[in-house]
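Below is one structure, written out as structure tokens; the observations come after it.
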């Protein structure tokens with residue numbers, strides 16, 4: 001019954017002819033249970049945080065989509081994916097975001113997102129020509145930085161989980177991270193969002209540093225935190241804040 | 001197929017004419033896979049923890065519902081919501097619990113719960129007159145305590161995420177927390193449950209202190225932990241225990 | 001719509017006559033969105049990690065199933081359950097894994113899994129005679145070790161949550177853990193997987209020590225970590241790694 005209700009809400013979001021009609025349906029559903037949520041949605045979320053200038057609309061699409069996939073929350077995923085595509089996230093980038101999160105949030109999260117994306121892509125007539133190759137020419141690798149990373153991880157954990165250490169090198173840092181259809185800065189953004197969204201604060205220092213090396217700027221980080229609070233809840237963001245602050249302050253010394 | 005099965009279970013829980021019939025259907029489903037779960041449900045859960053006197057039935061409804069929404073687990077949400085309404089949680093309180101968790105567990109968790117509540121409210125003929133206003137007259141604000149909170153957070157994180165710091169003041173503490181249709185003690189209870197249910201232990205000290213300021217008593221906290229262990233798993237509760245213990249002991253000195 | 005899509009994917013996984021046909025359908029779905037995921041699935045997941053010798057196929061089935069239940073991710077649960085049954089996990093063991101995780105991941109996670117297992121068991125004609133008894137003769141209890149555990153927990157938390165402390169003894173350690181239809185080593189394995197999968201690192205030391213007392217070997221622990229990275233994401237496993245390393249190193253001194 002609940003599943004049917006969720007499907008009805010999802011259908012309300014998708015099957016209607018125009019974005020305005022979708023908005024209006026969601027508004028009616030929220031009002032039937034929690035009129036305040038409809039107000040917060042209009043004033044605080046769509047009329048507030050989404051209009052802030054500390055992050056582009058395209059970045060907000062990436063951040064929201066990554067958060068939903070990382071937490072395996074498909075209810076608003078089709079709506080979010082369509083909006084991201086409207087706001088300039090390319091289909092090949094959506095494809096890579098899902099692929100990346102298979103490794104940073106778990107394989108089942110990726111297959112859930114694939115089920116949503118398949119329908120969204122079909123409705124928008126996005127075909128194989130707009131998707132990344134399975135094995136494209138990789139981006140150039142910073143051999144020195146990667147050697148340092150591999151050496152550190154190998155020294156720490158090579159004796160405990162040798163297969164994991166090898167896969168981390170071969171599958172993640174010498175394959176996944178070098179895929180060219182998502183810019184390294186965006187790939188890092190997706191990773192940092194996944195870490196905040198799933199409470200993996202211990203992994204934030206390395207990946208936030210990498211994100212900033214890849215071009216993410218401190219005010220954008222602030223924008224990500226401000227945006228994410230709405231989509232993953234205040235507590236997850238506040239638990240990440242001291243770690244984020246520490247990384248940013250150490251880099252500015 | 002799994003979704004269909006889940007829908008069938010959900011339907012079994014909802015579509016039958018009487019509560020007894022619902023119980024009997026769930027019992028049959030559990031027995032078909034795990035007879036022990038049926039025994040634990042009858043003896044340990046319904047016949048045990050729900051009968052304990054350290055927490056009222058109404059509080060147990062709030063705690064269980066908040067845990068399900070915080071973890072976005074809709075499978076038993078309609079059943080739990082109906083039981084909570086039967087046990088004295090008002091429709092306006094259910095509405096506010098969902099609204100509150102939009103901010104403390106994430107917006108998509110709230111819209112999932114709205115989809116469930118919409119059907120539950122319709123079946124019980126709960127109309128707009130029983131729902132909270134979108135913008136009611138707020139409860140009085142403790143200006144001094146709020147100024148201290150805002151100053152602390154602003155000093156710590158204002159430079160990193162100014163938008164988040166402003167929203168925390170304007171949207172949460174000067175709006176959401178002042179909504180009158182859920183008592184501050186219950187709002188705090190929902191918040192603490194969400195923190196335990198989602199493993200956000202770092203946020204427990206502030207909010208448990210606030211909950212006790214708002215009237216939650218130490219034996220009730222023990223009752224919440226005992227109850228929650230069944231709904232969010234023993235490990236989440238045991239990870240929260242040392243923090244909870246520390247808060248309670250410091251206040252009793 | 002998304003729910004319908006997920007159901008379609010799930011149906012594609014289940015309703016087809018042969019395992020080969022299922023594989024081929026999943027492959028087509030992945031290719032329509034993310035061709036790289038299809039490559040990773042074939043080469044890295046099925047052709048790579050599942051073929052490693054540091055863990056048996058049966059153990060991989062237990063680990064994968066426990067991870068999906070602990071994270072309440074039903075999308076691939078029927079497929080995983082069928083594969084586990086093919087690889088030598090007995091129906092009574094699947095039943096006990098679900099029962100165990102009701103307490104170590106939360107009751108709603110177990111009822112979600114029951115909904116999936118009910119259909120899987122029906123399709124394989126697994127009847128009540130192949131299920132564990134609700135109240136079987138318990139395994140012998142190590143009274144001394146249990147007295148030490150109970151004394152420690154009681155001293156720490158007995159004043160804060162007496163009901164929880166009592167249930168931990170009566171329901172978990174003098175009942176659930178003594179159920180004979182899942183070997184203690186496998187029960188411990190399920191527990192450790194649930195802790196890693198849900199980020200409950202604080203509970204790992206006790207349960208990993210217990211798992212090794214129950215016969216889990218260090219190379220198998222490495223195999224579990226290597227395998228789990230794919231199913232729960234790299235960050236959850238890397239957050240667990242320092243704790244796991246510490247436990248293993250302390251025991252080898």
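Coordinate-derived values only; no laboratory data. Quick caveat: nothing in here was measured; it's all calculated off a predicted structure. Glycine gets a Cβ as well: all are built from the backbone with ideal geometry, and neighbour counts include every protein chain shown.
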Restricting attention to segment B:180-190, does a residue exist that is closer than 21 Å to residue A:198 by Cα, more than 7 Å from chain A (Cβ to nearest Cβ) and touching a helix residue (DSSP H, G or I) at 6+ places or on another chain (Cβ under 7 Å)?
yes
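Has segment C:142-157 got any residue that is out of contact with any helix residue (DSSP H, G or I) (no Cβ under 7 Å at 6 or more places or on another chain), surrounded by fewer than 22 Cβ atoms within 10 Å (Cβ to Cβ) and not in a helix (DSSP H, G or I)?
Within segment C:142-157, the first condition is being out of contact with any helix residue (DSSP H, G or I) (no Cβ under 7 Å at 6 or more places or on another chain), and the residues that meet it are C:142-145, C:147-148, C:151-152, C:155-156.
Among the residues that remain, those that are also surrounded by fewer than 22 Cβ atoms within 10 Å (Cβ to Cβ) are: C:142-145, C:147-148, C:151-152, C:155-156.
Remaining after also requiring not in a helix (DSSP H, G or I): C:142.
Yes - at least one qualifying residue is present in segment C:142-157.
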When restricted to A:23, A:28, A:93, the only residue surrounded by fewer than 24 Cβ atoms within 10 Å (Cβ to Cβ) and at the interface with chain B (Cβ under 10 Å from one of its Cβ atoms) is A:28
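Identify, please: which residue in segment A:113-136 is touching a helix residue (DSSP H, G or I) at 6+ places or on another chain (Cβ under 9 Å) and more than 10 Å from chain C (Cβ to nearest Cβ) and is, among those, nearest to residue C:48 (Cα to Cα)?
A:130
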Can you find even one residue in segment B:201-220 that is within 14 Å of chain C (Cβ to nearest Cβ) and not in a helix (DSSP H, G or I)?
-> yes
Would you confirm, using the coordinates I've provided, whether residue B:190 is in contact (Cβ under 8 Å) with a residue 60 or more places away in the chain, closer than 16 Å to residue B:63 by Cβ and crowded, with 19+ Cβ neighbours inside 10 Å? yes
Counting only residues in segment C:153-179 that are farther than 26 Å from residue B:55 by Cβ and more than 9 Å from chain B (Cβ to nearest Cβ), the one nearest to the chain's Cα centre (by Cα) is identified as C:177
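In segment A:174-183, how many residues are part of a helix (DSSP H, G or I) and surrounded by 18 or more Cβ atoms within 10 Å (Cβ to Cβ)?
Applying the first criterion (part of a helix (DSSP H, G or I)) to segment A:174-183 yields A:176-178.
Cutting the leftovers down to surrounded by 18 or more Cβ atoms within 10 Å (Cβ to Cβ) gives us A:176-177.
Adding up the residues that qualify gives 2.
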